[in-house]
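Chemist: Have a look at this one before I ask anything.
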Amino acid sequence: MLNTTNKITDARKLIAVADASFVIGISLCEQWDILKALVETLIIADKVWEEVVERGEGKPGEKELRQATFVKRQTVSNTSAVTMLMATLDKGEAETLVLATELSVTNVFVDDLRGRKVAQSLGLQTVGVAGFLLFGKKKSKIKAVRPLLLQLQQKGFRLSSRLIDAVLEEAGETL
């Protein structure tokens, strides 16, 4: 589970819906095994699958997503809600949030700030790649988040310096 400060707090394995940027980010920092260890079921909307697997062939996340046994691909029913959210979000993010509400899954893995704000307005709890890595450290699955955050940055994954500083402070690692 996630709390209102966007941190995973529950010790049980999670069921979550993830957008493409989260899947790609976890793949870029090579932490797919940690995701599998901490998430029981990762639900992926059709558009996210299309972005990462079909259009992203050979790119980060494609192979991992295609081969993952704990990933469930799901079709959104409420296409009008998706269309409405597309005024603010891209189709993958919109499908992710609508799917979470349709399935009554409160945990959403999304990195985009607009996506997080919309998700929170829908009563969903959000966490991005950096927050998930912090959770992994707190569960003793990751020794240090700093090298992973640096790896993400070096590979072009956008993380604000403010976010990095906050995660490192909470992780008890040097800035």
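Chemist: Output the qualifying pairs, or none if there are none: Cβ atoms under 8 angstrom, residues six or more apart or on different chains, first residue in the stretch 122-148 and in contact (Cβ under 8 Å) with a residue 40 or more places away in the chain and farther than 13 Å from Leu168 by Cα, second residue hydroxyl-bearing (Ser, Thr, Tyr) and surrounded by fewer than 23 Cβ atoms within 10 Å (Cβ to Cβ).
Modeler: Note: pairs meeting the criteria are Gln125/Thr4; Gln125/Thr106.
Chemist: Right, something else. Looking at Arg73, Arg114, Arg158, can you tell me which residue is surrounded by fewer than 20 Cβ atoms within 10 Å (Cβ to Cβ), part of a strand (DSSP E or B) and under 17 Å from the mean Cα position of the chain (by Cα)? Before the answer, list the steps.
Modeler: Values: Arg114 fails: part of a strand (DSSP E or B); Arg158 fails: part of a strand (DSSP E or B).
Going through Arg73, Arg114, Arg158 in turn, the sole match is Arg73.
Chemist: Right, another one. Restricting the search to the stretch 91-111, which residues are among the acidic types (Asp, Glu) and either in a helix (DSSP H, G or I) or without any contact (Cβ under 8 Å) to a residue 12 or more places away in the chain (or both)?
Modeler: Of the stretch 91-111, the ones among the acidic types (Asp, Glu) are 93, 95, 102, 111.
Selection gives Glu93, Glu95, Glu102.
Chemist: Being under 16 Å from Gly115 (Cβ atoms), modelled with pLDDT of 95 or more and part of a helix (DSSP H, G or I) is true for just one of Val17, Val52. Which residue is that? Talk me through it step by step, then tell me what you get.
Modeler: Values: Val17 fails: part of a helix (DSSP H, G or I).
Within the list Val17, Val52, the selection yields Val52.
Chemist: Return yes when Leu163 is modelled with pLDDT of 95 or more, in a helix (DSSP H, G or I) and not β-branched (Val, Ile, Thr) and no when it is not. Can you show your working first?
Modeler: On the way: modelled with pLDDT of 95 or more: no; in a helix (DSSP H, G or I): yes; not β-branched (Val, Ile, Thr): yes.
When the stated conditions are applied, Leu163 does not pass them.
Chemist: Oh, and also: What residue, among those in the stretch 27-70 that are out of contact with any Gly (no Cβ under 6 Å at 6 or more places or on another chain) and among the β-branched types (Val, Ile, Thr), is surrounded by the fewest Cβ atoms within 10 Å (Cβ to Cβ)?
Modeler: Thr69
Chemist: Also, quick follow-up: Taking the stretch 126-140 on its own, how many of its residues are out of contact with any strand residue (DSSP E or B) (no Cβ under 6 Å at 6 or more places or on another chain) and not in a helix (DSSP H, G or I)?
Modeler: At the first step, the residues of the stretch 126-140 found to be out of contact with any strand residue (DSSP E or B) (no Cβ under 6 Å at 6 or more places or on another chain) are 128-134, 136-140.
Of the ones still in play, those that are also not in a helix (DSSP H, G or I) are 128, 139-140.
Number satisfying all stated conditions: 3.
Chemist: Here's a follow-up. What are the residues in the stretch 54-92 that are more than 20 Å from Leu103 (Cβ to Cβ) and of a type outside the set (Asp, Glu), if any?
Modeler: Arg55, Gly56, Gly58, Lys59, Pro60, Gly61, Lys63, Arg66, Gln67, Ala87, Thr88
The values are calculated or read from the model by the stated rules, or taken from the named source; none is laboratory data. Predicted model only: the values in this text are computed from it and were never measured. Neighbour counts run over all protein chains shown; Cβ positions are idealised from the backbone, glycine included.
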